[in-house]
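Asker: Dropping a structure here in C-alpha cells format, bear with me for questions.
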Amino acid sequence: MSSTQLKKTALNEAHRKQGGKMVDFGGWDMPVQYSGTIAEHMAVRTAAGIFDVSHMGEIEIKGPQSLALVQHLTSNDASKLADGQIQYSGLMMPAGTFVDDILVHRFGPEHYFLCVNASNTDKDFDWIQSHAQGFDAEVTNLSPKYSQLAIQGPKALEVMQPLIDVELAPIKYYWFTTGHVDGVPAIIARTGYTGEDGVEIYFEPSESERIWDKILESGKPHGLIPCGLAARNTLRLEAKMALYGHEIDDTTTALEADLAWICKLGKGEFLGRDVLVEQKEKGLTRKLVGFEVTDKGIARDGYPVFIDGQQVGYVTSGSPAPLLKKNIGLAYLPIEHNAIGTKFEIDVRGRRLAAEVVPTPFYKRSK
C-alpha cells in the first residue's frame, strides 16, 4: 500500500516534522520510532513518553439494553463496573476465541464506550452490530471523532496535571473521568499498554497538534520524549500484555492465552462460554508461556519452537527487553511442557537456540 493510500492520524505531519520514522502499521502511516527504540523504552520506564494512538478505534453502545449486549459479546463481567470504571475484556466468537481484545468503559448504566484495536475497528463494529439485533441498544463507531494520546511513565501525572482541570492522583488505575486538556474537552483514563502508570486522553482531532506540542513542552523538564510503535511493543512485551494477531486471534481461546482472569464463566451466557467451560473441565492442550533465550541470539515473532526435535509451535512475540537486558518472548507450548524452568529450542534462521520458560510478567513496576 503506498503512503498516499494509508490512513493517517491528525498528527501525521507533526510526526514527520519531528523526525518520526514512518511505517505501514495495519494500514495506518505511523511512527515506528523517533530517537530509537531503546531510548524511548527507557524514557517510559524511568521518566515519561508520549504515544500517538489515534489509530485505535472507539465504539459506543447506548440504550436500555446496552449492558445486556456488552455482557453477551464479552468475556469479562461488565455488570461489576461502576460509573467511571474500565475493564479489559475479550470481544468473543462462538468458539471461545477472539474477535479482539478491548477496553470497556462505563459512563452509566445505559452508556458504554469501547476502545478497540486499530486494524480491527471496522470488523469489531460490524460484529457488534450483527449481534445487536434483538437488543434495545444503539451501536455507533465514534473513531473519526477522537484523537487518542497515551502519556506513560512514572512522571506521566506530573507532566499532565498542569494541563488538566481535574485532579489526576485520585483517579485509580483502570478508572476514567471527563475534563479538559488545555481547555479541550477530553476523556481522561488511567490506562496504558506499557506496564507503567500514565493516562490516555481522547479528544477532538482538530486540536491534536496543539495538545501534542503542549504535552511535549510540559514534559520536557521531566524527560518526556515522543515514542513510536517499536517501543510500545517492547514495553507491552516486558509487561506481558497480549497483542492481537500475535498472542490472541480467532484461533486462540481466552483460556489458552492465559487470560482466565478475564473469563467470568459464572456471569451467565456469553459468546463462546460453552466452549470455555468445556475446555476448563477437560483441560487445555496448550497454553501461552513467557520464555527467556538462554543462548546468544534473539527469538523473533514467527520463529519455530521445538521440543525433543519436534516442532510444537512458534514464537508469538519475541524481542530484546531493553530494561531487563535479556532476550524474551511469548509462545504457545503443549500443556505438559508449560512448567517454569522447562527447556526448549527455538530455530533462529537455521540455528537452534536454547530457551527456558520463566515467570511472567517479565517486568512489574513497583507500586
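Asker: With region 103-202 as the region, which strands (runs of 3 or more DSSP E) entirely inside it contain at least 1 residues that are of a type in the set (Gly, Ala, Ser) and under 16 Å from the mean Cα position of the chain (by Cα)?
Answerer: 147-152, 184-189
Asker: Could you look through region 306-345, keep only residues that are more than 30 Å from residue 43 (Cβ to Cβ) and hydrophobic (A, V, I, L, M, F, W, C), and pick out the one that is nearest to the chain's Cα centre (by Cα)?
Answerer: Selected residue: 333.
Asker: Follow-up. Of all residues being within 20 Å of residue 122 (Cα to Cα) and not hydrophobic (A, V, I, L, M, F, W, C) in region 5-47, which is farthest from the chain's Cα centre (by Cα)? Just the residue, please.
Answerer: 5
Asker: While we're on this one: Given the conditions (1) surrounded by fewer than 18 Cβ atoms within 10 Å (Cβ to Cβ); (2) farther than 27 Å from residue 231 by Cβ, report the number of the one that residue 333 does not fulfil.
Answerer: If we test residue 333 against (1) surrounded by fewer than 18 Cβ atoms within 10 Å (Cβ to Cβ); (2) farther than 27 Å from residue 231 by Cβ, just (1) comes out false.
Asker: Another question, if that's okay. Just name the residue that is surrounded by the fewest Cβ atoms within 10 Å (Cβ to Cβ) out of those in region 126-149 that are within 18 Å of residue 100 (Cβ to Cβ) and among the small types (Gly, Ala, Ser).
Answerer: Per the criteria, the residue is 130.
Asker: Looking at region 74-82, can you tell me whether even one residue there is of a type in the set (Ser, Thr, Tyr), more than 18 Å from residue 250 (Cβ to Cβ) and modelled with pLDDT of 95 or more?
Answerer: Yes: one or more hits.
Asker: Please find, within region 351-367, the residue that is modelled with the lowest pLDDT out of those that are surrounded by fewer than 20 Cβ atoms within 10 Å (Cβ to Cβ) and not in a strand (DSSP E or B).
Answerer: Residue satisfying both the conditions and the ranking: 367.
Asker: Can you tell me which of (1) crowded, with 21+ Cβ neighbours inside 10 Å; (2) farther than 30 Å from residue 221 by Cβ is the one residue 55 doesn't meet?
Answerer: Among (1) crowded, with 21+ Cβ neighbours inside 10 Å; (2) farther than 30 Å from residue 221 by Cβ, residue 55 violates only (2).
Asker: In addition: Within region 266-282, work out how many residues are surrounded by fewer than 16 Cβ atoms within 10 Å (Cβ to Cβ), in contact with a helix residue (DSSP H, G or I) (Cβ under 8 Å, 6 or more places away or on another chain) and outside any loop (DSSP other than H, G, I, E, B).
Answerer: Residues in region 266-282 being surrounded by fewer than 16 Cβ atoms within 10 Å (Cβ to Cβ), in contact with a helix residue (DSSP H, G or I) (Cβ under 8 Å, 6 or more places away or on another chain) and outside any loop (DSSP other than H, G, I, E, B): 2 in total.
Asker: Still on this structure, I have one more. So which residues in region 313-350 are free of Cβ contacts under 8 Å to residues at least 12 places away in the same chain and not in a loop (DSSP other than H, G, I, E, B), if there are any at all?
Answerer: Of everything in region 313-350, just one residue is free of Cβ contacts under 8 Å to residues at least 12 places away in the same chain and not in a loop (DSSP other than H, G, I, E, B), namely 336.
Asker: Just to check your reading of the model, which residue among 238, 247, 207 is in contact (Cβ under 8 Å) with a residue 60 or more places away in the chain, more than 22 Å from residue 304 (Cα to Cα) and either crowded, with 22+ Cβ neighbours inside 10 Å or of a type in the set (Asp, Glu) (or both)?
Answerer: On inspection, the qualifying residue turns out to be 207.
Asker: How many residues are free of Cβ contacts under 8 Å to residues at least 24 places away in the same chain and touching a Cys at 6+ places or on another chain (Cβ under 6 Å) when one looks only at region 99-129?
Answerer: 0
Asker: List pairs: first residue in region 267-284 and without any contact (Cβ under 8 Å) to a residue 40 or more places away in the chain, second residue assigned to a loop (DSSP other than H, G, I, E, B) and surrounded by 10 or more Cβ atoms within 10 Å (Cβ to Cβ) anywhere in the structure, Cβ distance under 6 angstrom, at least six positions apart or on different chains.
Answerer: none
The values are calculated or read from the model by the stated rules, or taken from the named source; none is laboratory data. The structure displayed is predicted, hence computed values, not measured ones. Cβ: placed from backbone, ideal geometry, glycine included. Neighbour counts: every protein chain shown.
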